[in-house]
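As C-alpha cells, the structure follows; a few thoughts come after it.
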Amino acid sequence: MTFLASGFSFEDLHTPEGLERLDKAFLSSLAEGDTSLVLRLETARKNPPSSLEESALLLDLAPYMEDFLSAFFAIEKEVASLQTETQGLAPLYRCKRLFVQRQAAKAFSKEDAITFNGSQLKEKLEKLMAEPFTDLTFARHVLRAIEEKAHSFLDIAKQYTAWALHQDRPSLLFRLPRKVIPEALIPLEQKEDVLASPHYLHRKGFDHTDPGITMEDALDHAHYCIVCHPQSKDSCSKGLSEKDKGCPLDQKISEMNVLRAQGYVLGALAVIMVDNPMVAATGHRICNDCRKACIFQKQDSVNIPSIETQTLESVLNLPWGVELYSLLSRWNPLNVKRPFPKSSSGYKVLVAGMGPAGFTLAHYLLNEGHTVAAIDGLKIDPLQQELLEKPIRDWASLKEPLSQRTTMGFGGMAEYGITARWDKNYLTLIRLLLERRNQFFLYDNVRLGSTLTLPQAFALGFDHVALCLGTGKSNSLDIKNGLARGVRMASNFLMALHLRETTQEDSLVNLQIRLPILVIGGGLTAVDAATEALAYYPFQVEKFLKQTETLSDLPAFLSEEKQAIAQEFLDHAHALRQGDLSCLNKASTIVYRKKIQDSPSYRLNAEELDLALREGVVFLENAIPHAINIDSYGHIESLVIEAPEGQKTLSCRTLLVAVGTHPNTFLNEEGSDLKTEGDGTLLSYQGEKKVSFLGDIHPIYSGNVVKAMASAKKGYPQICEALLKRPPSSSASCDLLGWINA
C-alpha cells in the first residue's frame with residue numbers, strides 16, 4: 001500500500017530494510033542542501049559526540065529533517081502553515097520580553113498602576129493603531145514604536161500595560177512569572193477543621209478533564225526558557241545537583257524549546273524522541289521532575305511537560321500525524337546512536353508486564369533487532385485489525401471520549417491508576433507502535449509466577465526474561481476493624497473504577513461507594529482516589545435513580561440495610577438534579593498524618609493537589625487513624641483519629657487507604673535460582689541466562705510512570721550486552737498461546 005509522495009509503502013516503514021533505505025534517501029536529500037552537515041552527522045554516528053556537539057548538530061539538522069518529512073508525507077502546505085503561524089506569534093513574546101518585562105513592569109508601582117483607567121487607555125491605543133486591539137496587534141505596534149522611538153505611543157502603552165499586569169486574569173502578553181513561596185504553593189483557606197481551596201472548579205463526568213495548554217501558551221513557555229544547554233547547565237534535564245535529579249529520561253529540553261519557538265514542530269518532536277520515544281506516555285499532568293529542577297526556583301518554572309505534550313499534539317493533528325509519530329519511533333535521524341532498527345538478532349526476550357516499564361523496554365529491544373514476547377496478567381482486548389494494517393490519516397479518528405472509551409487493559413498503572421486528567425487514547429497510540437512490529441507478540445491473562453514460571457520460560461527457549469511487574473500489594477491499616485465493609489485500598493478502587501467501565505452510562509458493573517468519603521494518605525494515589533470518588537458519586541446515584549424511576553416503590557425483597565442505602569442514593573440524586581450540591585460539601589476528605597506541606601503530593605506535584613481541592617476535595621492535617629467504628633451491619637460508620645487536641649471521631653461510610661505499598665515479592669519467591677549481578681538491573685539464573693528487573697520492582701526507579709520508563713531506557717543496554725555473551729536459543733518460537741493451550 002503506497003500512501004507517501006516518495007513511493008515508499010506502509011509496509012516499508014515497518015521493516016529494518018525499508019527504514020535503512022529511507023535513511024539513505026534522507027542523507028541524499030541532506031547532501032543536496034548541506035554537504036558539511038552530512039559529514040558531521042556521519043561522524044557523530046561513528047564516534048559519539050560531546051553533549052554540546054550533539055546539541056549543535058541536532059539544532060542544525062532538525063529543519064532539514066522537517067522539510068524531508070513534509071515532502072515525504074506530502075504535507076508541505078500544512079507544515080508551512082504551522083511554521084508561519086508560529087512565526088506570526090513571535091512579536092508577542094519579543095514584546096513581552098523587551099517591553100512588558102523590562103520597561104512597563106518597572107515603570108509604575110502597583111498602587112499607581114491600578115488607578116489607571118484601562119478602558120480609556122485601550123481606546124486611545126486603538127485610535128493610534130487604527131485597528132482593533134488584540135495582544136498581537138498591540139505587540140506589533142509597540143515593537144514598531146520602539147524602533148521608531150515613538151515616545152508618545154510608548155507612554156500610553158506603558159500605562160495600559162502596567163494596569164493590565166495587575167488584573168485578576170491577565171492575558172498571555174501581560175501574564176508575568178509569579179514569585180514562588182515554598183510554604184504557599186497553592187491557595188488554601190481554613191474551613192472549620194479542614195483546608196479547602198478558595199476557588200471552585202466544577203467537574204462533571206469522566207471525559208478528559210484537562211486538554212492542556214494552547215499553542216500560544218506553549219510557545220510562551222518555550223520563549224520563557226533561558227536555553228542553558230550551551231553552558232551545559234540544563235538543570236531541568238540534569239538536575240540542580242547530584243542529589244536533585246532532573247528529567248529521569250535525560251531529555252534534551254532546552255533544545256526542544258529552541259526548535260519549538262522557531263516553529264520547527266517536527267524537529268522539536270524528533271529531539272524529544274531521541275531520549276523519550278514513548279513521549280505519548282509522559283508530558284502534561286504526568287511528569288514533573290523537570291519543572292522541579294528548572295533553573296527558575298524563585299519564580300514560576302517553565303511548563304516543560306505541557307510544551308512536550310502540545311508539541312506531540314501539534315504533530316498528531318497534522319495529516320498522517322499518527323504515522324509521523326510512529327515513524328519517528330523507528331527512524332529518527334536525530335538519534336545518532338540508533339537512527340533505524342537493527343536487523344533480526346535471533347534473540348528472544350520475554351517481557352513480563354505491559355505497564356510503562358514494559359512497553360518502553362519492548363520498544364528499545366525491538367529497535368535492537370530482538371524478538372519480544374510480552375505477557376500481562378490482565379485481560380487485554382485486541383486492537384482492530386484495520387488499525388494494524390492500514391495507515392491512519394487523522395488522529396481524531398483514533399480517539400474516543402474517555403467516558404465512552406472501551407478499557408483495553410493495556411498500560412498497567414497508566415490505564416487503571418491515572419485519572420481522566422490524562423488522555424488515555426495515548427495508550428492506543430503506544431500499542432500501535434509495538435503491535436505493528438512483526439517481531440512483537442502480546443499475550444494477555446498470562447501471569448509470571450503462576451501461569452508461567454521462570455523455569456518454564458527458559459525451557460521454552462527464551463534468551464532473557466525482563467520483569468516489569470509493577471508494585472507489590474498495598475499497605476493496609478493495622479487498626480481495629482481495619483477490614484470492615486466500606487474499607488478498601490485506594491489503588492483497588494481506582495482499578496475497579498477504570499478497568500471495569502464502571503463510569504459508562506450503559507455499564508451494569510456495580511461499584512458502590514457512600515458518603516462521606518475519607519482517603520488516608522498524602523501521595524498522588526490518595527489525591528487521585530479522592531477526586532475520582534467525588535466525581536463518581538453523583539454519577540452513581542444518578543444512574544441508580546434512572547434505573548429505579550420506572551418503579552412505584554423500592555422492591556420489598558431488599559434488606560433493611562439496602563433499603564436505607566437505596567433511599568440515601570435517591571435523596572441525593574434528586575437533590576443533585578435540582579442543583580442542590582450540599583451533599584457534596586466536605587464529601588471527600590484526604591486525611592494525612594502531618595501538615596499538608598509535608599505531604600508527597602504537595603512536595604512533588606502541588607498542581608495536582610491544588611486541582612483536587614478546586615474540585616471540592618478537602619484536606620485534614622495532623623490526623624492519625626486510630627480505630628474504625630462499624631454499624632450494626634458491619635459497615636464502617638466512622639473513623640477515630642488521633643489529633644493534636646486529642647481523639648476525634650469522623651463520620652465515614654467509604655474509607656480508601658493509600659498508605660504506600662509492599663515491595664513486589666516475586667524476586668524473593670524465586671529463591672536461590674536468582675543471583676544478584678553487579679549493581680545494575682541484572683540477575684543471573686542458575687549461572688547461565690539472565691533476568692532483569694525494571695520499573696517499580698527496582699528500588700531506584702519505583703514511584704512513577706517516568707521513572708519506570710527511565711529504568712527501561714537505562715536497563716536495555718545491559719540486557720543487550722548480556723544477550724551477546726551467549727548465542728541465541730534456536731528453540732523459542734514465541735508461540736506462548738500454543739504452549740498455554742497445550
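The values are calculated or read from the model by the stated rules, or taken from the named source; none is laboratory data. The structure displayed is predicted, hence computed values, not measured ones. Cβ: placed from backbone, ideal geometry, glycine included. Neighbour counts: every protein chain shown.
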Whether any residue in region 406-415 is outside the structural domain of Glu532 (by TED's automatic domain parsing), within 25 Å of Gln718 (Cβ to Cβ), among the hydrophobic types (A, V, I, L, M, F, W, C) and in contact with a strand residue (DSSP E or B) (Cβ under 7 Å, 6 or more places away or on another chain) is what I want to check. no
Considering only region 687-714, state which residues are within 11 Å of Ala357 (Cα to Cα), among the small types (Gly, Ala, Ser) and outside any loop (DSSP other than H, G, I, E, B). Gly695, Ala708, Ala710, Ser711, Ala712
The listed residue being buried (at least 16 other Cβ atoms within 10 Å of the Cβ) and small (Gly, Ala, Ser), out of Ser232, Ser241, Ser254: Ser254
Out of curiosity, is Ala535 under 26 Å from the mean Cα position of the chain (by Cα) and not in a loop (DSSP other than H, G, I, E, B)? yes
Does Ala25 satisfy the criteria of being farther than 29 Å from Ser254 by Cβ and either surrounded by 14 or more Cβ atoms within 10 Å (Cβ to Cβ) or modelled with pLDDT of 95 or more (or both)? yes
Of the residues that sit in region 73-113 and are under 30 Å from the mean Cα position of the chain (by Cα) and among the aromatic types (Phe, Trp, Tyr), which one is farthest from Leu143 (Cα to Cα)? Phe73
crowded, with 19+ Cβ neighbours inside 10 Å, within 35 Å of the chain's Cα centre (by Cα) and at negative phi: does that describe Val142? no
